Structure formats: structure tokens, C-alpha cells
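> After the C-alpha cells below, expect a handful of questions from me.
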Amino acid sequence: MKKYIVLIISFLALGFSVMAQNAESVLKSAVDKLKSYDNIAISFDYDMINTDAGINESMEGSACMQGNAYRLNILGQEIICDGTTTWTYNADAEEVMISEVDNENGKGTPLAVMNSYYDNINAKFTDDGKTDIRKIEAKPKSADDNLNKLLITLNVKTLEIKDIHIFDNNGNEFVYIIKTFVTNQELPADYFTFKESAYPDAEVIDMR
């Protein structure tokens with residue numbers, strides 16, 4: 001689950017080039033566009049669906065990313081990463097777990113995840129192209145243990161992303177509908193660092 005959340009931060013934060021000639025070019029242009037922002041903040045609605053298992057869960061989330069650092073609120077957790085260390089705070093359990101970022105094979109930060117898919121995606125438009133709202137289907141070129149495909153809806157004129165559907169190989173569908181998108185904010189220097197003083201009752205579990 002956390003891997004998909006990290007991936008979705010990246011995709012929701014992307015701007016798409018209207019000059020791209022095909023869907024794969026659009027996705028690669030999107031990565032380059034992402035890197036051009038100082039930082040990105042988004043809020044989104046989230047659904048997790050598994051028809052066979054009778055699961056249909058909905059909730060809201062928010063995220064902010066700057067380079068390899070990010071801050072994410074979803075599923076009752078606050079996840080803060082400075083690019084090297086990740087703090088995962090669970091309010092219900094009143095505990096924070098500290099771990100090192102693992103960028104091996106693109107498993108770490110949102111930017112690392114996107115870079116890992118940069119040359120490993122087959123993409124195509126799945127609509128007739130008669131309106132500004134386009135749909136892209138993207139699949140990994142090589143075998144992926146979890147990811148089956150992505151479906152992305154966007155406006156090619158405004159570069160606004162409407163929604164993203166992630167399908168894994170276990171029959172799960174993760175839906176993210178973007179609500180707000182803000183770039184290049186002035187953020188405090190320690191915004192992507194967990195402040196233990198702000199959570200005095202939290203048990204600290206250091207997994208490093």
C-alpha cells in the first residue's frame with residue numbers, strides 16, 4: 001500500500017506537455033515537468049476497491065513533495081520523509097516509527113519511484129481524442145510483482161489531472177481524484193522533519 005501511495009504522489013503532481021506526440025512521450029515529459037517545480041502540494045479523494053472481496057473504502061488525503069522529501073497524510077497516518085529518514089506517525093496507536101529510506105529499485109521517495117518507471121512504461125491513449133479530456137493507459141514493460149496498470153485522466157489544454165486508477169495484480173483498484181494542486185510555496189526549512197516535541201506522548205520506535 002505504501003508503495004502505491006508514494007507512486008501516486010508523483011503522478012498526481014505531474015504536469016503534461018501538450019506538445020507530446022504520444023502517450024509515452026507525455027509521461028516522460030511529465031517527469032521532467034515534475035522536476036521543474038520547487039515543491040508541490042495536493043489534496044485528493046481516495047478509494048480502494050476489490051469487487052471479489054466486497055471492499056469499497058473511501059477517504060481523503062493530502063501530500064506535499066519537494067525533491068526527494070515529502071509529507072503525506074492518509075489512512076490515519078502522517079508520513080514525513082526528508083529524503084534520508086522516514087517518520088511514520090500513527091495517531092491511534094500514539095507511536096512513531098523511524099526508518100531509513102530505501103531507494104533501491106525505486107522503492108523510496110516519490111521522485112525515485114517515478115524515475116524507476118521512466119523507461120519502463122508502455123503507454124497509450126484509450127479515447128478518441130475528440131475532447132480536451134484524454135485517458136492514458138500505462139503498463140510496465142517488464143514484469144512487476146504488484147503493478148498491473150495505470151489509468152490516468154487529464155485535460156491536455158489546462159494540464160489538469162482529473163483522476164488516476166492503479167490496478168495491482170491482486171485484484172485491487174486504487175482510485176485517486178485530485179481536488180487541489182498548489183506549487184512553489186514558501187515552506188519552513190524543517191517542514192519535512194518530524195518534530196518529537198510536537199508529539200510528546202508518542203512512543204518512538206527506531207527501526208534504523
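Where a number appears in this text, it was derived from the coordinates with a stated rule and is not lab data. Remember, predicted model here, so these are calculated numbers, not experimental data.
> Please turn the phi angles of segment 193-208 into ³J(HN,Hα) values with the Karplus equation 6.51 cos²θ - 1.76 cosθ + 1.60 (θ = phi - 60°), one per residue in order, whole Hz, x for glycine and proline.
Per residue, the Karplus-derived 3J(HN,Hα) values read 10, 6, 9, 4, 5, 7, 10, x, 9, 7, 7, 9, 10, 8, 9, 6 Hz.
> Taking amide H positions as placed in the peptide plane 1.01 Å from N, state which residues far from residue 185 in sequence (5 or more) or on other chains have amide H under 5 Å from it.
Hits under the 5 Å cutoff: 39.
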